[in-house]
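Down below is the structure, laid out as structure tokens.
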Amino acid sequence: MTALMKQKRTVSSMLVLLLTGLFVLAFLFPYIYLVMTSLKPGTEVVSTTPTLFPTVFTMDSFRKMFDVLPMVKYFGNSFFTAIASTSVSVFLGSLAAYGLSRFSSKLGNMFLLLTLTVRMVPLISVAVPMYGIINKLGLYDTKLALVLIYTSINIPFVIWMMIGFFDGLPKELDESARVDGCSRLGAFLKIILPVSLPGLATTAIFSYMMSWNDFLMGLMMTSTNAKTMPVGLSEFLGAYNLDLGPMTAAAVCFSFPVLIFSIMIQKYIVSGMTMGAVKE
Amino acid sequence: MTKSDRRTALLFFSPAAGFMILFFVYPMFLLVRDSLFDSKTGTEFVGADNYVNALTSERFYKSLYNTVIFVVGAVSIELIIGLILALLLSTGFKGSNFARTLFLSPLMIAPLVAGLIWKFMLNDQFGILNSFLFKLGLIDSPQSILWLSDERYALLSCMIADIWLTTPFMMLVLLAGIQGISGSLYEAANIDGASRMQRFWYITLPSLKPVIVVAVLIRMIDAARSFDIIWVLTQGGPNFASSLLSTMIYNTMARYNQAGYASALSILFIIILISICGIFMLRLWNPNKKAV
């Protein structure tokens, strides 16, 4: 390699580093700004000459947010509905996916087409009649309503994720389990599910995120009792509310744990996001 | 397949099917029914009146137009930035894995929180973006761009928030696609003395095409359906400047309480989305044609 080429190479790799660095800064800035704002004293939050870092670090906003918002309750509601709907939808969805993967039938194919269509239907469209159904069942403003709705939103997603996974497992696995005297369901529960744990984990993480991050369904189906965090957060924007410090603090509390957790388990997240689009 | 096999299969997917019938098929049926009844009482059959009203309403076309602008604008910028980021990271420099992790962070943030963050940053009184532009000398005063309350900028502001939130998804998928391209192609190109630009145009881009199409399709569907960000930032205002079909349906339902009209709008929205996806997919999966 000539000296000139070497030089050219260093310059271009420096350029790559520089550009990446700039983009990283640009993408991280909004969130860092949120976190920094939550640590500012109230007057600084809405200062007309905003700065990135607070002049004094204070936990005031975090203390105040409990007065403005029943944080613990909303947090609990979000957590409960997300966990419950994830468990139910992952179990029922993978059961269905297994059935569809192992026995193909006309009915099954129609069902598969239905799950695909559901992916394209805007949530707001079904939310309108869903509201009526939930009301009729007497479930308005209950956690059960949200669990039922999140479960049915997540099931088609779980089916699509898990069908690919089950298709990749050799049929001999089921057959040997059956020879050993397992029923179909037994083979599924004892053999197939444990082998599919990585796929299940990825799917569960995404189901959880979908429920946890939902705003629209929470907005339409709850009022006080079952309200979730996103809906609670959105209410800061109602009326003339200039006390935005607690809002930023609550937003940090809502998003920070998830952010840290997702960085820890990013292997699953990356595989889940690229699963649909990139064939290995 | 034996009869008992068929029965087992049915057993396996009937619980899931039950859920979907109760919370998707049945609501769809209700939606169609409601769309044929009047908006005030919901008891009088009005035929296609709601559809006629929608298709002759200026607001519907305005929202449809905004939705198209929002989807096309946001997704194409996401594609361009996502591709640049994927290419940068694919050079595999020291620390590129760490950079990828950092880029992932917006993806894990709820759209609602993303909306709140941008509402804060774009505020015309204490927003940091205007103050930054002012310090750079690009604008005359920190209050001169009303990002959220000026009709010219409202939709753009929503797009900025969406781009921030979902470009990382684009980057991630494209990066996986680039890493899946066989290295031997590049080696062969190197032997032939191809320049960096040529390698990009003749190897990377064509090999990446199927991945790009799928990623764009996924993003288009999700962008068209998005509601949270727009709701937090502008609620579709001012004067419907950032009204998308999703916010228009919500407003029709929740503010004006016109269930029949909202249902008709919903049906139209579903038809439009599914037919666009259908066209996309037919082109993608038709074995007789070359893939897109």
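FYI, it's all coordinate maths here, none of it is from the lab. Worth saying up front: this structure is predicted, and the values here are computed from it rather than measured. Every residue, glycine among them, receives a Cβ derived from its backbone with ideal geometry; neighbour counts consider all protein chains shown.
Per-residue mean of foreign Cβ neighbours for A:176-185 is 1 (Cβ atoms of other chains, 10 Å radius).
Shape class for region B:1-109: oblate, because the ratio a/c of the largest to smallest gyration tensor axis (alpha-carbon atoms, square roots of eigenvalues) is 1.5 or more and b/c is at least a/b. The H on the amide N of B:Phe37, modeled in the peptide plane, is under 5 Å from the matching H of B:Val46, each at least 5 residues off or on a different chain. Extension gain, A:Leu137 to A:Asp180: 0.36 nm times the residue separation minus the Cα-Cα distance gives 11.0 nm.
Charge dipole (Cα centre; +1 on Lys/Arg Cβ, -1 on Asp/Glu Cβ; no other charges) of region B:97-238 amounts to roughly 280 debye. If you take the charge dipole of chain A about its Cα centre, with +1 on Lys and Arg Cβ and -1 on Asp and Glu Cβ, which of A:Ala26, A:Val121, A:Val270 is farthest toward its positive end? Result: A:Val270, furthest along the dipole toward the positive end. Look at the alpha carbon pairs under 8 Å that are at least 6 residues apart: their mean separation over the length of region A:70-160 gives a relative contact order of 59 percent.
Mind sorting A:Glu44, B:Glu187 by how few other Cβ atoms lie within 10 Å of their own Cβ, fewest first?
B:Glu187, A:Glu44
When the listed pairs A:Lys64/A:Lys227; A:Lys64/A:Lys143; A:Lys136/B:Lys40; A:Lys6/B:Lys94; A:Lys40/B:Lys94 are checked against a 29 Å cut-off, the alpha-carbon distance exceeds it for A:Lys40/B:Lys94. Residue order for B:Met253, A:Met217, fewest other beta carbons within 10 angstrom first, comes to B:Met253, A:Met217.
Going by neighbour counts of Cβ atoms within 10 Å, the residues A:Lys171, A:Lys227 line up, fewest first, as A:Lys171, A:Lys227. Projected onto their three principal axes, the Cα atoms of the protein assembly as shown cover extents of 76, 74, 49 Å, largest first. Each Cα pair under 8 Å and six or more residues apart adds its separation to the average, and for chain B the resulting relative contact order is 29 percent. Taking a ≥ b ≥ c as the square roots of the eigenvalues of the Cα gyration tensor, an a/c ratio of 1.5 or more together with a/b no larger than b/c marks chain A as oblate.
Working from label points 7 Å from Cα in the Cα-to-Cβ sense, the A:Asp243 to A:Ala201 distance is 4.4 nm.
Which shape class, rounded, prolate or oblate, goes with region B:48-285 when its Cα gyration tensor gives a ≥ b ≥ c as root eigenvalues, a/c under 1.5 marks rounded, and past that a/b bigger than b/c marks prolate? Oblate. Counting, for every residue in B:265-278, the Cβ atoms of other protein chains within 10 Å of its Cβ and taking the mean gives 3.
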